[in-house]
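Peer 1: First the structure, then my questions, so here it is.
Derivation of every value follows stated rules applied to the coordinates shown; laboratory data play no part. Model, not experiment: these values are computed from the prediction. Don't worry about glycine lacking a Cβ; one is built from the backbone with ideal geometry, like all the others, and counts go over all protein chains shown.
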Number of protein chains: 2
Amino acid sequence: MEKICGCLVSDTVSFNEFAQNENKVVCIKGYIHRIREMTGFAFVIVRTARDVIQCVYAPEFSSYRWDDKLCEEACVKVTGKVVASQDAKGNTRYELQIHDIEILSLPAENLPIVINKKQLDNIQLNTILDLRPISMRNPKERAIFKIQEGIARGFRECLMKNGFTEIRSPKINFAGAEGGTNIFKLDYFGKEVYLAQSPQLYKQALVGVYQKVFEVAPVFRAEHHDTSRHLNEYTSMDFEMGFINDFTDIMNMEVKVLRYIMELLKTEYSEEVETLHIDLPVIDEIPSIKFMDAKELIMKKFKYQPQDMKDFDPTEEELLGKYAKKELNSDFLFVTHYPSKKRPFYTMDDPADPDFTLSFDLLFRGLEITSGGQRIHDYKEQVEKMVKLGMNPELFETYLMLHKYGAPPHGGLGIGLERLTMHLLGAKNVRETTMFPRDINRVTP
Amino acid sequence: MEKICGCLVSDTVSFNEFAQNENKVVCIKGYIHRIREMTGFAFVIVRTARDVIQCVYAPEFSSYRWDDKLCEEACVKVTGKVVASQDAKGNTRYELQIHDIEILSLPAENLPIVINKKQLDNIQLNTILDLRPISMRNPKERAIFKIQEGIARGFRECLMKNGFTEIRSPKINFAGAEGGTNIFKLDYFGKEVYLAQSPQLYKQALVGVYQKVFEVAPVFRAEHHDTSRHLNEYTSMDFEMGFINDFTDIMNMEVKVLRYIMELLKTEYSEEVETLHIDLPVIDEIPSIKFMDAKELIMKKFKYQPQDMKDFDPTEEELLGKYAKKELNSDFLFVTHYPSKKRPFYTMDDPADPDFTLSFDLLFRGLEITSGGQRIHDYKEQVEKMVKLGMNPELFETYLMLHKYGAPPHGGLGIGLERLTMHLLGAKNVRETTMFPRDINRVTP
């Protein structure tokens, strides 16, 4: 009987390991990214899992006999010697002197777009998205989603290190968390159910179990508007903390998480940061301004007349971003104490001024990336607020179990992963930083 | 202007830190789990984020004046001195001598079930599930999902360490991966779309980008049967590896992942392993048997007559589990080379015998926890197989982009997180190990 030992040994090296393998014979596996035939030799550029590696073919040092079958997007195993040379600036460059090429598979057709340039040039976003499985082979495109991986990983790692528990809330819900009409309905064996808009009610319930919880998972919003910053399915990074002293504990935790993420990107994702020319924010302290003070600033300093005194429009967010950068030397700005009327039913009002709430948004370079705040934990207070808002508390029986049977002071926040990625990259459309975006016009690929 | 520094300092200690704080005054926060009033003193048992801590109240060493408001499920901050004593067996026990109690919040009502016993006694599963936000406060119940956290975390960590990239496939799909009728339909702005049954097609596409990818995310199956091991929404832990030498690479990677998970549970989740009396499997080598040999074994050794020669029924899985344990001293058994007729259209047939496939299942203590295998990577071969199976390749244009424009030899697998948790715990129903299970009769809470 055969035994599977789990002792999988990689027979390949990554580009990072080239330096320590100088003049040694190593093996790489990947796609042929580009072939440049020269007189008497050829450059064969191989795209491995994370790198693009220059290999040099010449008949005199290779047992491989050049074959015209060898084409772009063929999958190959290349054996060769790691050789070092100096570039014009005196930096050491490594390349592979090809000893042999083994063709593992060949494409059936040529690519419909050029992917082997530094970036996808002159290709419309819709085409890029239609051809995602192909367009992502471009080094810059795929780097975007390595960065995204790093953000989600940093979020999880930092919270776990700080005693948070990972939860799994259901995506098929019996009621909408935030209510409203932006909700997808589903026929579930004859019952009408909904796709989760947010893990809100579940993460609050689980604060009563684990004190501090988080989830990174898809959420669904049936928003009809088709803007550059909205998606109908996106990844929400949520956390919820119990036993807080006040709502600044949540903001402090967010600062800690963001700092951890940026440090992780700097250390573990430096190649992609470089490929994408990302200007990583340095997070020291993040300034915090009250909502009404921010409104005043917008009107007095920027002479801008807001349409809505209960929320910010994109222009106002941009102005606040400029202000934070110029005057406070910060890429981030917390805005606190939003008006009660614009925050959900579970938000705790400020006892000092109940027209406002113990809530906050975080702006990053002039774009809102987080909403958070303290929640009501007292049963009577929550029921009264629901009634005041015209809601029927009986429909929220499960949700109110937390409050009825004891809830600690708590609060939390949500961060849209794709939107944060977009803004970190300076991209203009959130679809650019979503692997397979879903919007009112797109459910493919 | 206020500044948020991210320098959140915890003012509490965990039970693990008691030993190093002997005779020192520390602070804990949590729920009052149980109160036992004695003559002249009281035991106040506090349930913190991960522990249940015995505190002792006596008026002579406390500034707190006993108050009958103090009740079970009140949220409190307790300050006190860590004191050590010896139990009957000579082990050191730590408890907290209460100096002060601050009541942070009070429940509005008494709990409808008793949660402060070691386990939930004589409560029906349906009640436990109906009252999840409350029943999970029981130490044994909540330990289940810490173990589940550890499994998912181990899966991700091990794969990341081995060069895998985390992907995010959409849950709203334009076509079903596996086809068939077990699929939830959704009205998406007037279009009929589907909830993802599996990330299969996406993870294959992304093997063409990152070589090795994984995802831990919900999947949805509209299965009508109501069994103890099926759910309509569950968490699928998937990976897919490109540039494999053969399909045993996938099995080896799985052994590596499972070994990593069990080691992580042993080290980082030892409290929960103990609370739940989990018998963690030791994973050395995992034996592997061919499907037809397994059938022969079942018939000859166990004198059991299978109904279906193309698949196993639960009894057969159990028999194979017994065989693996008794004869091979293994909790796990790979079964390879399943009949082609029972595997999906993307499965690669065995060139040596095309009635069978380069696929496998993994049985853990007599229950299937994984299906995996090598996939077809050649375009022509995949199209021909689709046609042979009566499928229309034109409907799979996006999926076939991978094959058409070059795919490496590849394969992968999926593991149901809740089902693995169930079997590791020796639970009888997968709902016990699902936070908020969804089945044909249940969409709440």
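Peer 1: Listing A:Glu272, A:Glu384 from the residue with the fewest other Cβ atoms within 10 Å to the one with the most, what is the order?
Peer 2: Going from sparsest to densest Cβ surroundings: A:Glu384, A:Glu272.
Peer 1: Here's another thing I want to ask about it. If the elastic network links every pair of Cα atoms under 10 Å, which of A:Glu192, A:Glu274, A:Glu254 fluctuates the most in the Gaussian network model of chain A?
Peer 2: A:Glu192
Peer 1: Which one of B:Pro344, B:Pro59, B:Pro199 has the biggest mean-square fluctuation once chain B is modelled by GNM with Cα springs under 10 Å?
Peer 2: So, out of B:Pro344, B:Pro59, B:Pro199, the one fluctuating most is B:Pro59.
Peer 1: Evaluate the relative contact order of segment A:44-173 (contact order divided by residue number), counting alpha-carbon pairs under 8 angstrom at least 6 apart; express in whole percent. Please report the intermediate quantities before stating the final value.
Peer 2: Working: 130 pairs, mean separation 23.6, N = 130.
In percent, rounded to a whole number, it is 18.
Peer 1: Any chance you could check the Cα centroid distance between segment A:294-311 and segment B:245-267 for me, in angstrom?
Peer 2: 57 Å
Peer 1: Here's something else I'd like to know. For segment A:110-228, what number of Lys pairs, 8 or more residues apart or on separate chains, have alpha-carbon atoms under 30 Å from each other?
Peer 2: Count of close lysine pairs: 18.
Peer 1: Let me ask another. What FRET efficiency comes out for the pair B:Glu109/B:Asp68, r = Cβ-Cβ distance, R0 = 25 Å, nearest 0.05? If you can, show how the numbers build up before the last one.
Peer 2: On the way: r = 16 Å, r/R0 = 0.64.
Efficiency, from the Cβ-Cβ distance: 0.95.
Peer 1: Have a look at B:Asp68, B:Asp361, B:Asp311 and tell me which one the Gaussian network model of chain B (Cα, springs below 10 Å) gives the largest fluctuation.
Peer 2: In this elastic network of chain B, the residue with the biggest mean-square fluctuation among B:Asp68, B:Asp361, B:Asp311 is B:Asp68.
Peer 1: Oh, and also: Show me, for segment A:118-132, the HN-Hα J-couplings you get by feeding each phi into the Karplus relation (A = 6.51, B = -1.76, C = 1.60, θ = phi - 60°), rounded to Hz, glycine and proline as x.
Peer 2: 4, 9, 6, 8, 6, 10, 5, 3, 4, 5, 4, 6, 4, 9, 2
Peer 1: OK, next. Just to check I understand the Karplus step: with θ = phi - 60° and J = 6.51 cos²θ - 1.76 cosθ + 1.60, what whole-Hz values come out for segment A:100-107, glycine and proline as x?
Peer 2: Taking θ as phi minus 60°, the curve returns 7, 10, 10, 7, 8, 6, 10, x Hz for segment A:100-107.
Peer 1: Karplus couplings for segment A:228-242 from phi (6.51 cos²θ - 1.76 cosθ + 1.60, θ = phi - 60°), rounded to Hz, Gly and Pro as x?
Peer 2: After applying 6.51 cos²θ - 1.76 cosθ + 1.60, I find 6, 10, 10, 10, 8, 9, 8, 9, 9, 9, 10, 9, 9, 10, x Hz.
Peer 1: Over the alpha-carbon set of segment A:44-93, work out the extent along each principal axis and list the three values in angstrom, largest first.
Peer 2: Cα spread of segment A:44-93 along its principal axes, largest to smallest: 37, 29, 16 Å.
Peer 1: Further, regarding this structure: Take B:Met435, B:Met401 and order them by how many other Cβ atoms sit within 10 Å, fewest up front.
Peer 2: B:Met435, B:Met401
Peer 1: Next question, about the same structure. If N is the number of residues in segment A:303-445, what value comes out of its Cα radius of gyration divided by 2.2 N^0.38 Å?
Peer 2: Its radius of gyration relative to the 2.2 N^0.38 Å reference: 1.26.
Peer 1: Still on this structure, I have one more. Mind running the shape call on segment A:68-121? Use the C-alpha gyration tensor, a ≥ b ≥ c as the square roots of the eigenvalues: rounded below 1.5 for a/c, prolate if a/b tops b/c, oblate otherwise. If you can, show how the numbers build up before the last one.
Peer 2: On the way: a/c = 4.20, a/b = 1.37, b/c = 3.06.
It is oblate, given that a/c is not under 1.5 and a/b is not larger than b/c.
Peer 1: Give, rounded to the nearest 20 debye, the magnitude of the charge dipole that segment B:1-135 has about its Cα centre when Lys and Arg contribute +1 at Cβ and Asp and Glu contribute -1 at Cβ.
Peer 2: It comes to approximately 320 debye.
Peer 1: Related question: Can you give the Kirkwood hydrodynamic radius for segment A:233-324, in Å, rounded to one decimal and based on Cα pairs?
Peer 2: Across segment A:233-324, the inverse of the average 1/r is 16.2 Å.
Peer 1: When N is the residue count of chain B, what does its C-alpha Rg come to as a fraction of 2.2 N^0.38 Å?
Peer 2: Normalised Cα radius of gyration, chain B: 1.18.
Peer 1: At what distance in nm do the modelled label points of B:Cys5 and A:Glu397 sit from each other, each positioned 7 Å from its Cα along Cα→Cβ?
Peer 2: 4.9 nm
Peer 1: Just from its helices, what would the mean residue ellipticity at 222 nm be for chain A, if runs of 4 or more DSSP H residues each count -39500 (n - 2.57) and the sum is divided by every residue, rounded to the nearest 500 deg cm²/dmol? List each step's numbers first, then the result.
Peer 2: On the way: 11 runs with 123 residues, N = 445.
Helix-only estimate at 222 nm: -8500 deg cm²/dmol.
Peer 1: Cα extents of segment A:130-244 along the three principal axes, largest first, in whole Å?
Peer 2: In descending order, the Cα extents are 46, 42, 26 Å.
Peer 1: Under the √(5λ) rule applied to the eigenvalues of the Cα gyration tensor, what semi-axes describe the equivalent ellipsoid of segment B:71-214? Give them in Å, descending.
Peer 2: Values: eigenvalues 423, 121, 48 Å².
Ellipsoid semi-axes (Å, largest first): 46, 25, 16.
Peer 1: Give me the compactness ratio for segment A:1-137, meaning the Cα radius of gyration over 2.2 N^0.38 Å.
Peer 2: 1.18
Peer 1: Dipole of segment B:97-253, Cα-centred, from +1 at each Lys and Arg C-beta and -1 at each Asp and Glu C-beta, to the nearest 20 debye?
Peer 2: The dipole magnitude comes to about 180 debye.
Peer 1: Which shape class applies to segment A:176-307: rounded if a/c is under 1.5, otherwise prolate when a/b exceeds b/c and oblate if not, where a ≥ b ≥ c are the square roots of the Cα gyration tensor eigenvalues?
Peer 2: rounded
Peer 1: So for chain B, taking the charge dipole from beta-carbon charges (+1 Lys/Arg, -1 Asp/Glu), which of B:Ile45, B:Ile147, B:Ala294 sits furthest toward the positive end?
Peer 2: Farthest towards the positive end: B:Ile45.
Peer 1: OK, next. Might you report the magnitude of the Cβ-based charge dipole of segment A:24-82 about its Cα centre, with Lys and Arg at +1 and Asp and Glu at -1, to the nearest 20 debye?
Peer 2: With only Lys, Arg, Asp and Glu charged at Cβ, the dipole is about 300 debye.
Peer 1: Using alpha carbons only, how many degrees (0 to 90, rounded to 10) separate the axis of helix A:139-161 from the longest principal axis of chain A?
Peer 2: Here the helix axis deviates by roughly 50 degrees.
Peer 1: What translational diffusion coefficient, in µm²/s and rounded to a whole number, does the Stokes-Einstein relation yield for the protein assembly as shown at 25 °C and a viscosity of 0.890 mPa s, taking the hydrodynamic radius as the Kirkwood radius over Cα pairs?
Peer 2: Taking Rh from Cα pairs, D becomes 83 µm²/s.
Peer 1: Given R₀ = 45 Å, FRET efficiency for B:Arg36-B:Thr315 by Cβ-Cβ distance, to 0.05?
Peer 2: E(calc), rounded to 0.05, equals 0.40.
Peer 1: Just the Cα atoms of segment B:361-405, one point each, no solvent: what log10 I(q)/I(0) does Debye give at q = 0.27 Å⁻¹?
Peer 2: Each listed q corresponds, in turn, to -0.91.
Peer 1: Using all C-alpha to C-alpha distances in segment B:206-270, build P(r) with 10 Å bins and read off the rounded percent in each one.
Peer 2: Taking every Cα pair in segment B:206-270, the percentages come to 17, 32, 34, 17.
Peer 1: Rounded, prolate or oblate: which one fits segment A:369-445, using the alpha carbon gyration tensor with axes a ≥ b ≥ c (rounded when a/c is under 1.5, else prolate when a/b beats b/c, else oblate)?
Peer 2: Since a/c reaches 1.5 and a/b is larger than b/c, the shape of segment A:369-445 is classed as prolate.
Peer 1: Mind listing the label-point distances from A:Leu367 to the same position on all other copies, shortest first, one decimal in nm, points 7 Å along Cα→Cβ?
Peer 2: Ordered by increasing distance: 4.4 nm.
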